[in-house]
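Notes to accompany the following structure.
The values are calculated or read from the model by the stated rules, or taken from the named source; none is laboratory data. Keep in mind the model is a prediction, meaning the values are calculated, not measured. Cβ coordinates were reconstructed from backbone atoms using ideal geometry, including for glycine residues, and neighbour counts include every protein chain displayed. Just the protein is used for accessible areas: all its heavy atoms, side chains included, with ligands, DNA and RNA removed. Shrake-Rupley method; radii C 1.70, N 1.55, O 1.52, S 1.80 Å.
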Amino acid sequence: MIHTGSVCPRVRLLRVFLALLAVPVASSRVWESDDFQDCTWKVVLNKFDRVGDTHVSDRFYDQEPVDTVNSVFSMLVDSPIDPQEKYLGFPYYLKINYSCEGQPSEDLVRSGHLMGLKPLVLVTFQSSVNFYRWKIEQLQIRMEAAPFRYPGPCLAEEVCSMSWFMPMPIQNGSVVVKVEVTSNGLGPFIPNKRFRVNINGFLKKQQNTIKFTLGSELFDLTPQYFVNASSRPLWYTLDQSPVLILGGIPNEKAILLTDTNFETFSLVELSIDSCWVGSFYCPQAGFSATIYDAISTESTVFIRQNQLVYYFTGTYATLYDRSHSSGSWVRVLATECIKRLCPVLLHSNGSEYIMALPTGKHEGYLHFGTITDGRVSFEMLPKGRSVCEQILVGNCSIIWAVFVSGEYILLLLVEVEDLNAKSFRVLRYSLSNQGDRGPGDPEGVSDDTEDLYIIPDFIPDAQGLEYLMMVGTEMYTSSPMVPKGLFFNTYNNMLFIWGNFLLQSYNAENYTYLAGFPKDLSIKYLVNSFGGDIAIITETEEIWYLLEGNYRLYRLFPSRGWSIHFSLQMLQQSSLYAANETTVTFFYEDRELYQLVYLMGHGQGRLVKRLVPVEKLLLYEQQSHYRLEQQGEHTHHTTPHCTKQMPSGGLWGCAVEDRGYALRSQDSQGAYTREERYRARPPQVLESSGFHSKNSLAVYQGLLYYLLWLHSKYNKPYADPVHDPTWRWWKNKKQDQDYYLYLERNWLSAGGVHIDMASYEKIYNLKSEYQLPQFIFLDKGNSYRFSLKMRSKEGSAFLVQRKLAVGFLLADPHCIEAFANQEATVLRNSVQFLITLRDKELCYDQGISGHHLMKTSVMVKGNLMLPVFIGCPPGKRLAFDVTYTLEYNRLLNKQYFDCVHPDPEMPCFLFRDKFYPFFLIQDLVTGDSGSFKGRYVLKVVGGGPTLESLRDYSEEEIYRFNSPLDTTNSRIWTTKTTETTEDGVFHIMSPQSFGIEWLCLENSPCYDTVPQSIFSPEFFFKVLVSNRGVDSSTYCDYQLIFLLHIHGLPLSFWRALLIAIVSASVCVGLVILYVTFCLLWPLMVKAWNMFLWKRNAVITLESYCSYAMSTKSTSSSSQTSGNANSKVTSKVTLTEDEGDKAVAEEAVGNETLT
């Protein structure tokens, strides 16, 4: 804890709550914000083929791309697109409008457009839980909505009805999408608004109707579902659940389901069997159709009805194969009697978790469920003796369980019954001895259970104090302590035990009793924002508020502050408030507390989501309890202490009332938030009105789809010459940019649209915002800086000699440190603190980018909580610098020979040349790309003579092929570098190392490779490069696997000899065949001529005989003539000279013809 400033001055202050001091909200700021709440953005989804249909809203369930946009792109000749590419589109458009109270929406949109208003939309994709399957990234797209005029008759000259449209993108590995709509600064003032547009995998299309797969939708929200029903907790995996469900509807097997965080919702009656199996080991007093517990995860929803547990896995093609989806509800733990489901709000190790607490025969055990890619599995823990047996008690029951993902432990709240006396204790059950093992791994379970804390039997007597340290010497009241649950915040290591009391601990060993909570109340559930705020809901529906790290509780409802706020809303006739209302649940969204409430009015009920204005309520409460000194009344002045010592050793700084503050990040925002942002504007339309058509919107779809496709394909092992995913898109079109601009300015662009190449790019220089980011990532030794400026209305409050102090509360002070430098500006009546957070390089080893990050946090000024992830940040990678490698190898080897059939994506390297590899460290967020100068280990982990025959090697083969200790004559390569790992198994390489010499010894897989053609043998090596364990400059475990194409491999001696013998034999045989052919050729010609003569003679003789036989049947005159001719023919034939066969044959032919 770092504390700046010396002595805190004695200043005249109003006595206000510490939370108010920590959350400075001036009354002027509160009222100013209300002046701009009249107008608000509205968004709905439209299917691709329904764009332009008015008053249409579609549900987000279709996840398949649309291929009809390719026909539109075929018309775009003379455009900077590749005509050989196939362009696809997304199945939905996002339609954007805005509305103001008391004004028609169509008139507003039209007037806003005429004043130049354009909605700017920031789409943020939440990466998947399973980082083993999908890359961890913080992907954003900054888009601009395009104006679209609805078709139909219109009396106006240009437009009557219009909206703004933009493609609704879908990213593989993401089902949770946040949409933030802002104005371009022209036209009316409309505050920014955020929406959740999540994919709903529990919908299906059946006979042109969208239906739920897990039940039937009910359209009547009758009062009996909500009135006189108590509120219930909303449980889901934080930031990962696209669909939220809420049970607790009395005597109905129905749930509330939403994919927009209750901006819209549906009441669904579940299609479950609702059977009830009672037995001697499952005591159940009665049966009810009510869904008691409901939990949603990224892919699966769980419910408990009576003692039965069901789950349903949605259809999410962007996450996993469709075969993982459920066709109906699946009942699990069928032989168990489950009394409660306990949620795990944070995912870890690429999975999500859930816990089921049984009763009856398996009392003292719990069922630990793991959800990975929609697959659900349960295991019973402990694996050996029950918890009761391990703590040596006869009868006990687990009433609550919490999973601490960072340490792989379970915290159990156990009730022990002994001789009609009950006691409670907190136990720790260790799931794994190794932090990198998943909790579902049976080998990782250690079955160790230990006592953490024995809860006192009675509530302590705080004697008027706000809090009391539980050290064992305190006094107790006569009110018994009745614990009901646990809550653990992984970010700040704070453990809460709650019931009719509230205990908190920073280390699960030392506990503090918060005396501000009345002992006659009982907590029903807690709602945590994971940003420093906790809402406490009691059994009597009271709402209490607590800042984590603080000791003071504040009652929000019922309170005078709530009465003032409620009265003001009723005077304004707000549609979100009514005299008769019932709370359904509470939840946090973007660190704001929201309430889902059922309103009754005029005989009808409706369900609304509304903000709980915590700051306003505390402000109203302050103004109602204290009066200003200027009114002439006596005011009690206090002298606050400069610091307050916390149990963890943290320090709080002084707080000064009636001030404002401003935050400003001093470092690049993207470098620490790891947000990758693209820009995608709509194509320019060549129309005077500026309205887009369906074709131009389809072009927008195709360009955006192709941009995301380039982003997903950029994560490849070979680095491009330019470190940018869009470089390949426009690299061959940039030189024609002036020509495309000429066509656009002369309205000659094909299809009526102009594609600006600069409108589709990646943004690297994200500007810092005037607020703390949602979270930051710190690599080894990295620092993050931001400024905190405080201003006062009174000049005497911030004199230089009156030093202020700012304090920090660090969740893990042994891992990170914080310090501040003070700068006072007297003329501007302000003080600025330059605050720095730095990693101490002590709490993390090495990990893959974005994997197994350590969660911690720092709290500044009491409520400014900043979550910090320590480890290898997302978006960093190691790439093979093939461009520089080729240049360097050509320079040192004085030559370079590529393959006979070169591949520009994978150049070849010659076997006999030394190989000098170089690698790049590329930051996909900031755009930085520099040479990797650290040490690394290179291994050949697979290979084959062709790409089709590639195979991965076993661990034993990897050792033999790469280790300098190998004695089996199996090594593939060697180097003159002598440095090795600690065990001497592998070489340690660096950019300064000697090159690699290829060996391919006798027992290696590349030895004696059979050529695939007449050219020299080739081989593809699968190479793994990793710096794990050998490079201490970073937390990143850079692992790169790439293919290396080597040609010119030598043949073995015997194969070379065999090829030489066969080649020589073939050559000699060809020579002998040629000589023999030359000698026998004359004889062969003579024999051929003789054969031809004999064949012709036989043919001629047969022709004559046929003719002679035909003449015998003629008349007598003809017969006499025929005889004469026969005699002549015979004479000629008899006088034939056998020595001159050719002449005789000609004579016979002539006679025959005559």
Checklist entry - When DSSP beta bridges are limited to those with both residues in the range 328-405, what percentage is antiparallel, rounded to the nearest 5? => result 100
Item to check | Amide H within-cut-off set for Gly499, under 5 Å, with H built and near neighbours excluded | outcome: Lys484, Ile523
Item to check | Computed over the range 876-1051: relative contact order in percent, which uses C-alpha pairs under 8 Å that are six or more apart | outcome: 25
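Averaged over every viewing direction, what's the projected area of the C-alpha convex hull for the range 970-1071? Give it in nm², one decimal, please. If you can, show how the numbers build up before the last one.
Details: hull surface 34.6 nm².
Value for the range 970-1071: 8.7 nm².
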Item to check | Amide H contacts under 5 Å for Phe986, placed H, 5+ residues apart | outcome: Thr981
Checklist entry - How large is ³J(HN,Hα), in whole Hz, for each residue of the range 316-324 in order, when computed from phi with the Karplus curve 6.51 cos²θ - 1.76 cosθ + 1.60 and θ = phi - 60°, using x for Gly and Pro? => result 10, 5, 7, 10, 7, 5, 5, 5, 6
Checklist entry - Picking from Asn580, Tyr620, Trp562, whose Cα lies most toward the positive end of the charge dipole for the range 559-622 (charges on Cβ: Lys, Arg +1; Asp, Glu -1)? => result Asn580
Next on the checklist: Explain nothing, just compute: Karplus ³J(HN,Hα) = 6.51 cos²θ - 1.76 cosθ + 1.60, θ = phi - 60°, for every residue of the range 598-614 in order, whole Hz, x for Gly and Pro.
Outcome noted: 9, 9, 10, x, 6, x, 10, x, 8, 9, 10, 10, 9, 7, 8, x, 4
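Which chymotrypsin sites (Phe, Trp or Tyr not before Pro) does the range 133-232 hold that lie in a coil by DSSP with at most 15 other beta carbons within 10 Å? If you can, show how the numbers build up before the last one.
Values: sites: Trp134, Phe148, Trp164, Phe165, Phe189, Phe195, Phe202, Phe212, Phe219, Tyr225, Phe226; in loops: Trp134, Phe189, Phe202, Phe219, Phe226.
Answer in residue order: Phe189, Phe219.
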Checklist entry - Amide H to amide H under 5 Å from Trp400: which residues, 5+ apart in sequence or cross-chain, H placed 1.01 Å off N in plane? => result Leu413
Item to check | Average silhouette area of the range 225-345, convex hull of alpha-carbon atoms, in square nanometres | outcome: 8.3
Checklist outcome for this item: With Rg from the Cα atoms and Rh as the Kirkwood inverse mean 1/r over Cα pairs, the range 559-622 has an Rg/Rh of 0.97
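Restricting attention to the range 145-241, which GluC sites (Glu not before Pro) occupy a DSSP loop and are surrounded by at most 12 other Cβ atoms within 10 Å? Don't skip to the answer; put the middle values down first.
Values: sites: Glu157, Glu158, Glu180, Glu217; in loops: Glu157, Glu158.
Those satisfying the criteria are Glu157.
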Item to check | Mean Cβ count within 10 Å, highest first, over the residues of peptides 41-51, 408-418 | outcome: 408-418, 41-51
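Could you order Glu887, Glu363 so the one with the most accessible surface comes first? Probe is 1.4 Å.
On the way: Glu887 105, Glu363 45 Å².
Descending order: Glu887, Glu363.
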Checklist outcome for this item: Expressed in angstrom and rounded, the centroid-to-centroid distance over alpha carbons for the range 80-150 and the range 663-687 is 14
Item to check | Part-to-part distance (alpha-carbon centres) for the range 485-552 and the range 707-729, which is given in Å | outcome: 48
Next on the checklist: Taking θ = phi - 60°, what integer Hz values does the Karplus form 6.51 cos²θ - 1.76 cosθ + 1.60 yield along the range 40-50, in sequence order, with x for Gly and Pro?
Outcome noted: 8, 6, 10, 10, 9, 9, 10, 5, 4, 8, 10
Item to check | Qualifying lysines (Cα of each under 18 Å from Cα of Lys876; at least 8 residues distant if same chain) | outcome: Lys135, Lys713, Lys716, Lys762, Lys780, Lys933
Next on the checklist: Let me see the P(r) profile for the range 908-1046: every Cα-Cα distance counted, bins of 10 Å, each bin given as a percent of all pairs.
Outcome noted: 11, 41, 34, 13, 2
Next on the checklist: Compute the distance from the alpha-carbon center of the range 888-927 to that of the range 193-229, in whole Å.
Outcome noted: 56
